[in-house]
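The values are calculated or read from the model by the stated rules, or taken from the named source; none is laboratory data. The shown structure was predicted, so the numbers you read here are calculated from the model rather than taken from an experiment. Counting neighbours? That spans all protein chains shown, and the Cβs are built from the backbone with ideal geometry, glycine included. Surface accessibility is based on the protein's heavy atoms, side chains included, excluding ligands, DNA and RNA. Shrake-Rupley method; radii C 1.70, N 1.55, O 1.52, S 1.80 Å.
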Amino acid sequence: MAGARKPGRNFLFVPGPTNVPDRILRAMHVAMEDHRSSDFPKLTLPLYEDLKRIFKTRDGQVFIYPSSGTGAWEAALTNTCSPGDKLLAARFGQFSHLWIELAKRHGLEVFVQEEEWGTGVHPEKIEEALREDKNHAIKGVLVVHNETATGVTSNVAAVRRAIDAANHPALLYVDGVSSIASLDFRFDEWRVDLAITGSQKGLMLPAGLGIVCASQKALAAMKEATCRRAYFDFTDHMKANPTGYFPYTPAVTLLHGLRESLAMLEEEGLDNVFARHRHLASGARAAVRAWGLKLCAKEPKWHSDTVSAIMVPHGFNGADVIDRAYRRYNLALGAGLSQMAGKLFRIGHLGDLNELMLLGAISGAEMAMNDVGIEVELGSGVAAAQAEFRGAALAREQKVAAE
Ligand code: PLP
């Protein structure tokens with residue numbers, strides 16, 4: 001059909017799935033193989049050790065499922081809870097909402113702290129609720145580290161301090177789907193009990209792997225936990241994984257991709273990966289300021305370095321900006337979800353990304369906004385982000401010269 005081809009690359013700026021680097025695509029381009037062969041553990045065993053470095057854990061145990069992040073949510077809860085168990089969770093976006101709903105479907109009772117969307121977890125309220133729970137009925141606290149729907153990052157270390165201050169034994173469950181391998185995450189230091197992630201964001205892979213890291217305390221809780229589980233049962237993995245095998249057919253191609261992803265993260269250095277995300281986010285935020293628009297995140301302390309959710313002015317629909325950007329400029333921006341539908345669009349700035357790629361997305365977003373009548377000055381966001389990037393580069397060079 002004439003005219004159907006969109007030349008050039010699609011600018012993929014949804015906050016996951018993220019761009020899969022060519023190196024990873026090539027690593028996944030392999031013939032199928034026997035996942036029970038004597039060679040297979042050479043691929044799989046090092047993955048567990050390397051993933052532990054990503055979670056920053058020594059004693060945690062990693063589980064890899066052929067699933068998405070939602071499966072990892074389910075695995076974390078069903079392996080450690082029993083129907084009727086009580087959980088404490090803050091709700092401030094679509095993903096914190098969905099995790100709560102999943103817990104309820106498994107018969108768990110969730111005490112929900114409703115927070116304004118655009119804010120995140122309030123550790124002082126967590127502490128208060130745990131102090132009031134004198135009989136320690138609350139089994140666990142659920143925290144979405146980075147709420148992808150609103151571009152809000154919460155302070156997990158502060159939640160850990162709140163649990164400790166209340167002297168409460170609750171397990172700490174953390175959703176790191178859009179933070180792990182992009183934002184600083186410290187499983188052991190924060191004494192996280194169950195951390196979950198998916199393959200399609202910071203790990204730069206297609207969707208298809210759900211990854212859980214469990215503490216020794218979580219593994220002990222598993223012995224008493226009676227939630228129905230089969231496919232996601234840790235026990236089956238604990239039998240098979242130490243020898244490098246899985247209880248069922250693993251997503252072999254994605255495991256090859258994961259091997260390459262972990263090598264790339266190691267080559268760049270995790271701290272450099274975090275710094276790059278911080279740097280790119282500061283460029284995106286400079287653009288939003290130059291447009292005279294607001295982020296959904298209410299205050300700088302909530303700003304996410306992996307995704308910016310940008311409010312469109314009253315009278316406009318964020319979905320129109322997204323549709324125009326896609327159809328006219330081959331740029332994929334993230335949608336507003338649930339109560340944010342139509343009110344915002346999101347620029348994902350995570351995964352395999354550099355300054356010029358992000359400048360392309362900012363440029364496309366300001367053209368698409370103008371196309372639908374939002375009169376931000378053309379080039380203003382791009383110029384502000386360029387200035388931010390150049391300023392940071394000059395400061396870095398001066399620091400190196402002074403050393
Ligand atoms: N948690 C967060 C923070 C997410 O951003 C997402 C998806 O974007 C999920 C959970 C659900 O993961 P998945 O769509 O991989 O099942």
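Tabulated values for the structure
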item	result
Residues (surrounded by fewer than 19 Cβ atoms within 10 Å (Cβ to Cβ) and not aliphatic (A, V, I, L, M)) located in segment 35-50	His35, Arg36, Ser37, Ser38, Asp39, Pro41, Lys42, Pro46, Tyr48, Glu49, Asp50
Given (1) within 16 Å of the ligand (Cβ to nearest atom); (2) part of a strand (DSSP E or B), index of the condition Gly140 fails	(1)
Selection within segment 334-352 - among the aliphatic types (A, V, I, L, M) and either open to solvent by 10 Å² or more (accessible area, probe 1.4 Å) or in contact with a Pro (Cβ under 9 Å, 6 or more places away or on another chain) (or both)	Ala335, Leu337, Met340, Ala341, Ile347, Leu350
The lone exception for Ala195 - which of (1) within 12 Å of the chain's Cα centre (by Cα); (2) not in a strand (DSSP E or B) it fails	(2)
Within segment 69-99, tally of residues that are more than 8 Å from the ligand (Cβ to nearest atom), free of Cβ contacts under 8 Å to residues at least 40 places away in the same chain and part of a helix (DSSP H, G or I)	0
Members of segment 51-92 that are among the polar types (S, T, N, Q) and open to solvent by 10 Å² or more (accessible area, probe 1.4 Å)	Thr57, Gln61, Ser67, Ser68, Thr70, Ser82
Scan of segment 371-403 for residues that are touching a Leu at 6+ places or on another chain (Cβ under 8 Å) and either open to solvent by 50 Å² or more (accessible area, probe 1.4 Å) or of a type in the set (Asp, Glu) (or both), ordered by number	Gln386
Qualifying position, being in contact with a Ser or Thr (Cβ under 8 Å, 6 or more places away or on another chain) and away from the ligand (no atom under 16 Å from the Cβ), among Val30, Val62, Val112	Val30
Exclusive hit being over 22 Å from the mean Cα position of the chain (by Cα) and in contact (Cβ under 8 Å) with a residue 40 or more places away in the chain, set Gly351, Gly334, Gly364	Gly364
Any hit, segment 122-136, residues being in contact with a helix residue (DSSP H, G or I) (Cβ under 8 Å, 6 or more places away or on another chain) and in a strand (DSSP E or B)	no
Lone unmet requirement of (1) surrounded by fewer than 19 Cβ atoms within 10 Å (Cβ to Cβ); (2) over 17 Å from Thr80 (Cβ atoms) for Glu115	(1)
Looking only at segment 228-245, and only at residues there that are of a type in the set (A, V, I, L, M, F, W, C) and open to solvent by 20 Å² or more (accessible area, probe 1.4 Å), the one that is nearest to Asp39 (Cα to Cα)	Met238
Residue within segment 196-209 that is closer than 19 Å to Gly120 by Cβ and either more than 13 Å from the ligand (Cβ to nearest atom) or touching a strand residue (DSSP E or B) at 6+ places or on another chain (Cβ under 7 Å) (or both) present	yes
One residue from Ala157, Ala162 being assigned to a helix (DSSP H, G or I) and closer than 21 Å to Asp85 by Cβ	Ala162
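Residue-by-condition table, conditions (1) within 16 Å of the ligand (Cβ to nearest atom); (2) buried (at least 18 other Cβ atoms within 10 Å of the Cβ):
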| residue | (1), (2) |
| --- | --- |
| Val212 | yes, yes |
| Lys223 | no, no |
| Thr226 | no, no |
| Pro247 | no, no |
| Pro250 | no, yes |
| His256 | no, yes |
| Ala263 | no, no |
| Asn272 | no, no |
